[in-house]
Amino acid sequence: MGTFLRSASNPNSQWVQFAPATDGQLQTSTARNVAMAPPQCPTTEAPGPYFQKEFFHNGYIKSLNQLVHFYNTRDVFPFKVSPGHCPAGKTEKVDCWPMPEVPNNIDMTTGNLGLTDQEENQIVTFLKTLTDGFTTPYPDINMFTGQCMTGGNASTQGNETLIPAPPLPSCASAVCDVPPPPSMPIP
């Protein structure tokens, strides 16, 4: 959002002052219908056949299991590397989380939840219950023209079969050189 507030597309120049405090922020998507998949790919999880979804603003997370695992372990396995460059012996999205694109607004209420694998799986199961079958604007679920994915398992989070995230551009100094605003520690 901060980049937008600095841009010529910003309809109100008074909002520019809020740019540093909103760098890296964006509106989040709902969890509604996250488990929907075409009948040819009956699940969104590896080993499959599964329908590859994308989560987060850049599609970095590819499954509900990865999503929950991220929020559970982001601060347990942080590495100052970009995606695709975890140290030897570490598996990205399992026991290695690359650094965030914009570090100054990380939500510190998650990232080290201490959940077991079973608890992570239970949260995924719950998220799948938020599916109501709403398909508009694609009312014909049988019109899927993509390709089902196969392979992977829980220990690798399906990384070996997922489409990799594209390389990230350098972070603009107007974003990354701005220190985070001071905030009260979370009790």
Worksheet, complete the sentence: Scalar couplings 3J(HN,Hα) for the range 89-101 by Karplus 6.51 cos²θ - 1.76 cosθ + 1.60 (θ = phi - 60°), nearest whole Hz, x for Gly and Pro, are x, 10, 10, 4, 6, 10, 10, 7, 10, x, 5, x, 5
Practice prompt. Post the alpha-carbon centroid distance, the range 12-44 to the range 87-122, in whole angstrom.
Written response: 18 Å
Worksheet item: What list do you get for Y50, Y71 if you sort them by fewest beta carbons within 10 Å?
Response: Y71, Y50
Worksheet item: In what sequence, highest mean first, do 10-21, 114-125 appear when ranked by Cβ atoms within 10 angstrom?
Response: 114-125, 10-21
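R0 = 22 Å: FRET efficiency of R32 with S9, Cβ-based, nearest 0.05?
Values: r = 29 Å, r/R0 = 1.30.
Efficiency, from the Cβ-Cβ distance: 0.15.
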Worksheet, complete the sentence: When F56, F126, F70 are ranked with the fewest other C-beta atoms within 10 Å first, the list becomes F126, F56, F70
Worksheet item: Which value, in Å to one decimal place, does the Kirkwood hydrodynamic radius take for the range 20-132 when every pair of different Cα atoms is included?
Response: 15.3 Å
Practice prompt. May I ask which residue of N12, P39, V76 lies farthest towards the positive end of the charge dipole of the range 1-128, with charges of +1 (Lys, Arg) and -1 (Asp, Glu) on Cβ and the Cα centre as origin?
Written response: N12
Item to complete: Can you pull the one-decimal nm distance between simple spin-label points at Q17 and I106, each 7 Å off the Cα toward Cβ?
Response: 3.0 nm
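Bear in mind that the values in this text are calculations on the coordinates, not laboratory data. None of the values given here were measured: they were computed from a predicted structure. A quick note on method: Cβ atoms are made from the backbone with ideal geometry, for glycine too, and the neighbour counts reach across all protein chains shown.
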